[in-house]
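What follows is a set of notes on a single structure, which appears directly below.
What follows draws every value from the coordinates through simple rules; no lab data is involved. None of these values were measured; they are calculated from a predicted model. Cβ placement follows ideal geometry from the backbone for every residue including glycine, while neighbour counts extend to all protein chains displayed.
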Amino acid sequence: MASFVLVHGGWHGAWCWERLVSELEARGHQATAMDLPIEDPSATFDTYASVVAASMQPDPGEEVILVGHSYGGQTIPLVPGRGRRIDSLVYLCAMPPVPGLSFVDQLRSERIMLNREHVAGLGSPTPEGTRAWSDPELARHFMYADCNDQDAAWAIERLRPLAPPTSDPCSLDHYPELPTHYIVCEEDRLINPDWSRRFAMERLGANLIELPGSHSPFLSRPGHLATVLEDLLVTRG
């Protein structure tokens with residue numbers, strides 16, 4: 001059996017993994033999700049990585065799979081350097097960092113990575129700079145396009161404000177030397193699937209996996225996603 005550590009993306013929280021956690025636990029695995037301090041403008045991706053590391057309590061001998069969704073892709077490669085054993089990394093519809101580059105600079109240099117039209121669905125920044133979704137229809141369009149009405153509404157009601165991305169350079173010198181997988185959703189409307197494929201192969205040297213559907217398969221197809229993750233286990237069988 002394995003321990004899956006699930007790191008959410010922007011505007012989300014541990015709640016978004018509930019269905020996937022249930023699927024993994026039903027198969028005998030351990031699954032852990034945590035709330036990152038995404039509303040805190042002083043928090044960096046290194047802060048997030050420390051929160052993830054503190055949440056990890058795998059049973060001895062379990063294979064540990066670290067999964068990062070969307071914005072969470074910036075965090076997961078920072079976790080292995082924090083004294084936790086990790087056997088593989090999985091980027092899910094994610095934006096991995098570029099070592100030495102801030103996320104702000106990455107957005108400037110990787111202009112096709114993120115669909116900039118999503119900002120039309122966000123409200124005005126608070127005095128602290130955080131922004132939340134103000135248009136439920138656009139939130140659904142970009143993040144939950146293949147979810148039914150009930151599931152999309154459930155998720156949208158739980159979305160959290162997101163602080164502006166840190167301008168601190170990524171603290172990595174190089175990517176962790178671990179087995180790495182990238183799961184791209186073919187109809188993702190937020191993270192460009194073509195960019196994901198190119199980055200996964202050329203920058204990460206990752207095993208590329210294609211799924212149908214949009215940006216949030218943990219909600220629209222948790223059983224399918226659980227099967228894909230389980231199939232990545234080195235020790236399976």
Legend entry - Whole-Hz couplings from phi, Karplus 6.51/-1.76/1.60, listed for segment 181-194; x for Gly and Pro: 10, 10, 9, 9, 9, 5, 10, 4, 9, 9, 9, 4, x, 5
Legend entry - Relative contact order, percent, segment 2-231 [alpha-carbon distance under 8 Å, six or more residues apart]: 23 percent
Legend entry - segment 43-71-segment 185-219 distance, computed between alpha-carbon centres (Å): 21 Å
Inset, instruction - Give me the distance in nm between label points sitting 7 Å out from Cα along the Cα-to-Cβ direction at E128 and A54, one decimal. - result: 1.6 nm
Legend entry - From the coordinates shown, Rg and Dmax of the Cα atoms in Å corresponds to which of (i) 16.5, 53; (ii) 16.3, 56; (iii) 17.8, 54: (i)
Legend entry - Cα centroid of segment 74-138 to Cα centroid of segment 145-172, whole Å: 9 Å
Legend entry - Where labels lie 7 Å past Cα in the beta-carbon direction, separation of S167 and R108 in nm: 0.9 nm
Inset, instruction - Averaging over all projection directions, find the projected area of the Cα convex hull of segment 1-63 and quote it in nm² with one decimal place. - result: 4.4 nm²
Inset, instruction - Among H118, L233, S134, pick out the residue whose Cα is farthest towards the positive end of the charge dipole of the chain, where Lys and Arg carry +1 and Asp and Glu carry -1 on C-beta, about the Cα centre. - result: H118
Inset, instruction - Take the chain, connect every pair of alpha-carbon atoms lying under 10 Å apart with a spring to form a Gaussian network, then pick out the residue of H29, H181, H69 with the largest mean-square fluctuation. - result: H29
